[in-house]
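Written below as structure tokens is the structure these notes are about.
The values are calculated or read from the model by the stated rules, or taken from the named source; none is laboratory data. The shown structure was predicted, so the numbers you read here are calculated from the model rather than taken from an experiment. Please note: Cβ atoms are built from the backbone with ideal geometry, for glycine as well, and neighbour counts cover all protein chains shown. With ligands, DNA and RNA removed, areas are computed over all heavy atoms of the protein, side chains included. Shrake-Rupley method; radii C 1.70, N 1.55, O 1.52, S 1.80 Å.
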Amino acid sequence: NEKAGIMAVNRILQDIEITAGTIYFVYANPIAIEKNIRFVNVNLNRLFFRQEIISDFYEYARAKELMDLLDTCDGLLDLHSYRAPHMLKNAIPFAICEERDVELAKKCSVQYIVNGFSEIEKGGSDGYMYAQNKVGICIELGALECPESFVELGIHTIQIFLQSFGCMPLQLENQSTSVKPITLQLKSMYKKTHADFHFIRHFNSFEPIRANEIIAKENGRIIHAKNDCIILFPHADGPLGVEVYMLAEAI
């Protein structure tokens with residue numbers, strides 16, 4: 001149900017000039033796309049590590065198929081969106097990558113670059129590439145509730161990424177951006193353990209939180225921030241065992 005990247009790929013495939021290399025445009029989870037849901041059985045973007053397949057769930061076989069393809073590639077650009085029902089068009093696009101790929105991510109016209117996902121939230125596609133010493137960048141294009149607002153950014157990001165590998169003419173080399181991205185380090189992730197989990201107030205992604213500020217309550221316990229930090233992906237309505245927010249700190 002994260003449509004902006006899908007729409008960007010659909011658009012760019014209508015008129016793209018590839019001058020070198022082999023490019024794969026992949027719709028990673030076609031069944032979920034058809035059903036307009038995040039995933040069918042389990043989150044595909046937590047399964048990108050080599051393991052014995054112990055489940056009949058479709059996503060495990062699909063992850064293996066995609067990893068086999070990624071093993072032949074030099075780099076990955078993975079386009080996502082995130083829940084931001086209160087921000088919509090004002091939702092902040094950002095990049096997820098490790099420090100090694102920050103300079104490339106800076107070219108993608110995003111406000112924030114977040115490092116550390118491959119350690120805190122294992123199994124992502126970009127983390128799989130990073131583990132192989134290859135380029136792996138995920139771009140969260142903005143609010144999944146209004147994908148049409150972020151399609152142009154998706155197209156621009158694809159172009160920048162392919163140009164960096166020499167696959168496209170340098171059409172954008174003279175375009176400057178006023179965006180000076182801030183780099184954050186992901187520090188922690190909180191998973192829901194009880195049905196009564198709730199935030200103490202409404203939070204938006206990238207909202208600053210002060211040390212000792214109360215974030216949420218769960219099972220009679222008050223959850224505080226240990227340090228000054230920034231909250232990402234606050235979403236209380238997910239099932240038990242799924243992350244309900246993450247905390248990052250500015251580098």
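Residues of the range 1-18 that are in contact (Cβ under 8 Å) with a residue 12 or more places away in the chain, open to solvent by 80 Å² or more (accessible area, probe 1.4 Å) and not aliphatic (A, V, I, L, M): Arg11, Glu17. If the Cβ limit is 8 Å and pairs must be 6+ apart or interchain, which residue in the range 35-50 that is basic (Lys, Arg) pairs with which residue that is modelled with pLDDT of 90 or more and not in a loop (DSSP other than H, G, I, E, B)? Note: pairs meeting the criteria are Arg38/Ala32; Arg50/Met67. Applying a threshold of 6 Å to beta carbon distances and a minimum spacing of six or more residues, or different chains, the list of pairs starting in the range 89-101 at a residue that is closer than 19 Å to Phe203 by Cβ and among the aromatic types (Phe, Trp, Tyr) and ending at one that is open to solvent by less than 10 Å² (accessible area, probe 1.4 Å) and part of a loop (DSSP other than H, G, I, E, B) reads Phe94/Val110.
Within the range 87-131, being assigned to a loop (DSSP other than H, G, I, E, B), open to solvent by less than 30 Å² (accessible area, probe 1.4 Å) and among the small types (Gly, Ala, Ser) holds for Ala91, Gly116, Gly123, Gly124.
Yes/no matrix, rows are residues, columns are (1) over 17 Å from Gly124 (Cα atoms); (2) of a type in the set (Asp, Glu); (3) in a loop (DSSP other than H, G, I, E, B):
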{"site": "Tyr27", "(1), (2), (3)": "no, no, yes"}
{"site": "Ile37", "(1), (2), (3)": "yes, no, yes"}
{"site": "Val42", "(1), (2), (3)": "no, no, yes"}
{"site": "Phe48", "(1), (2), (3)": "no, no, yes"}
{"site": "Gln51", "(1), (2), (3)": "no, no, yes"}
{"site": "Ala63", "(1), (2), (3)": "no, no, no"}
{"site": "Leu69", "(1), (2), (3)": "no, no, no"}
